[in-house]
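Undergrad: Could you have a look at this structure, given as structure tokens, before my questions?
The values are calculated or read from the model by the stated rules, or taken from the named source; none is laboratory data. Keep in mind the model is a prediction, meaning the values are calculated, not measured. Cβ coordinates were reconstructed from backbone atoms using ideal geometry, including for glycine residues, and neighbour counts include every protein chain displayed. Please note that ligands, DNA and RNA were not included when accessible areas were found on the heavy atoms of the full protein model with its side chains. Shrake-Rupley method; radii C 1.70, N 1.55, O 1.52, S 1.80 Å.
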Amino acid sequence: MAITLHVECYAGYKADERPLRFRSHAKDSRTFEVVEILDQWYGIGYHCFRVRADDGNVYVLRHNEKEDEWVLDSFRKTGE
């Protein structure tokens, strides 16, 4: 089961251009600041970002465009 997220994005020439910060919808969840976009790619109906957050860990955030929903696809602890 994917974890749905609340993601605040930079909106330049298009909406949701890149994520700035994210948190889960769980009560009292921590907000993570995106410090670096490591990669991004598109699929049919979605856009993914591999990001490093302010905790040093790497997250893959997927934006399902039709539903306008963000989910956490993967997480990797980097030990930093």
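Undergrad: Run down Asp73, Asp55 and say which single residue is touching a strand residue (DSSP E or B) at 6+ places or on another chain (Cβ under 9 Å), open to solvent by 40 Å² or more (accessible area, probe 1.4 Å) and part of a strand (DSSP E or B).
TA: Going through Asp73, Asp55 in turn, the sole match is Asp73.
Undergrad: Residues being among the hydrophobic types (A, V, I, L, M, F, W, C) and surrounded by 14 or more Cβ atoms within 10 Å (Cβ to Cβ): count how many of those fall in region 25-52.
TA: 5
Undergrad: Taking into account only those residues within region 8-44 that are of a type in the set (Ser, Thr, Tyr) and assigned to a strand (DSSP E or B), which is farthest from Glu65 (Cα to Cα)?
TA: Looking at residues that are of a type in the set (Ser, Thr, Tyr) and assigned to a strand (DSSP E or B), I get Ser24.
Undergrad: Can you tell me which of (1) assigned to a strand (DSSP E or B); (2) open to solvent by 70 Å² or more (accessible area, probe 1.4 Å); (3) charged (D, E, K, R) is the one Arg62 doesn't meet?
TA: Answer for Arg62: the failing condition is (2).
Undergrad: To continue, here is another question. Against the conditions (1) part of a strand (DSSP E or B); (2) more than 18 Å from Leu20 (Cβ to Cβ); (3) not aromatic (Phe, Trp, Tyr), where does His47 fall short? Just the number, please.
TA: Only one criterion is unmet by His47, namely (2).
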